[in-house]
Amino acid sequence: MRAARLLAALILVAVVGLAACGGSTVKVGDTGRSSSPAPTTLRIALLHLAPASGDLAANTTLIAGAVEEAAARGADWCVTPELALSGYYFRDRIGLRWIGLRWTSHAAVLSRLARDNDVALFAGMPTRDGAPRRLHNSVLVVDRSGSVLGAYHKRSVIPGTVEGWAAPGRAPGVFDVDGVAAGVLICADAWPRRFARETAAAGAQILVSPACWAPGEMGPNGVWERDSRLTGLPLLVCNTTGRVKGGDDRRAASVVDDHGRRLLTFRSPTSEVFLVDWDRQAGTFASAGSFTPAAAR
């Protein structure tokens, strides 16, 4: 099974050391070029997963299995939640030293996953720049050929919180994926109006937002709809789910907004993959079903 081979590859690179992933020269914030044009209708899989805090092996198996099953159901793009590789509350369990330089060796596993399944992948993970202490909450963007287009670093990072280990990013992230300019926002990046506006001004045609953002007093509370309205762009949020020591995300929603309107809302207390069809010419979205990944059954 592909998931098993990918897990074996992850274990191997962890043993030999977390060196930088070679072959990628795309800089953070740059736009990469996808390998082939996509069909008029794109099927986007929102991997609404419950990552385990600090369990890289289990999370890799969960992500890989979900991607493989989504691809078998016709997915063109797969989007994970924020920090899906590590889990949001990973630091207390495994610390920070494992986070490798540049894209990290884990990018090789994600690259192979995208290539073998002919999908583009937006994967939430921690990354490290050249400076030893410069860590980021990032989304790695990989095209269908397995080429790493770049990494977007979360900009709305609040010091002194559970996410205080991460340095804020400095630029919008827009990537050419299947001929579509996909702009990335991570979770609370949607809160300041200017981040969405700057991403739109950088040429984005759609906003993709991996998140770990449950409802409540400090929840999103309409900011996704506001950003979609301000930019005139569709915004797809892939949220996390599950219950961990640091919080309860079982009511968190993955959503599809367009021009300020909530079109689709998905929730599940356990890992589920939601499929969305985007007709790029008509500018319409429709639910294409859902399934529970095998690793979560």
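Assorted remarks:
- Dipole in debye (nearest 20) - the chain, about Cα centre, beta carbon charges: Lys, Arg +1; Asp, Glu -1: 600 debye
- Amide H contacts of Gly150 (H built 1.01 Å from N, under 5 Å, at least 5 apart or other chain): Val141
- Packing here is the average count of other Cβ atoms within 10 Å per residue, and on that basis the peptides 142-148, 277-283, 219-225, highest first, run 142-148, 219-225, 277-283.
- Cα-based shape type of the range 128-286, given that a ≥ b ≥ c are square roots of the gyration tensor eigenvalues and the cut on a/c is 1.5: rounded
- Counted over the range 2-296, the DSSP beta bridges are approximately 75% antiparallel.
- Approximate spin-label separation Arg93-Glu217, in nm, with each point projected 7 Å along Cα-to-Cβ: 2.8 nm
- Centroid-to-centroid separation of the range 127-150 and the range 75-113 [C-alpha atoms, Å]: 9 Å
- Counting only DSSP H runs of at least 4 residues, each contributing -39500 (n - 2.57), and dividing by the residue count of the chain, the helix-based mean residue ellipticity at 222 nm comes to -6500 deg cm²/dmol.
- Hz values of 3J(HN,Hα) by residue in the range 217-225 - Karplus curve (6.51, -1.76, 1.60), Gly and Pro given as x: 4, 9, x, x, 6, x, 5, 5, 5
- Within-14-Å neighbourhood charge of Thr40 [Cβ basis; K, R +1; D, E -1]: -2
Taken together, the values in this text are just the output of simple stated rules run on the coordinates, not laboratory data. Worth saying up front: this structure is predicted, and the values here are computed from it rather than measured. Cβ atoms come from the backbone with ideal geometry, glycine included; neighbour counts cover every protein chain shown.
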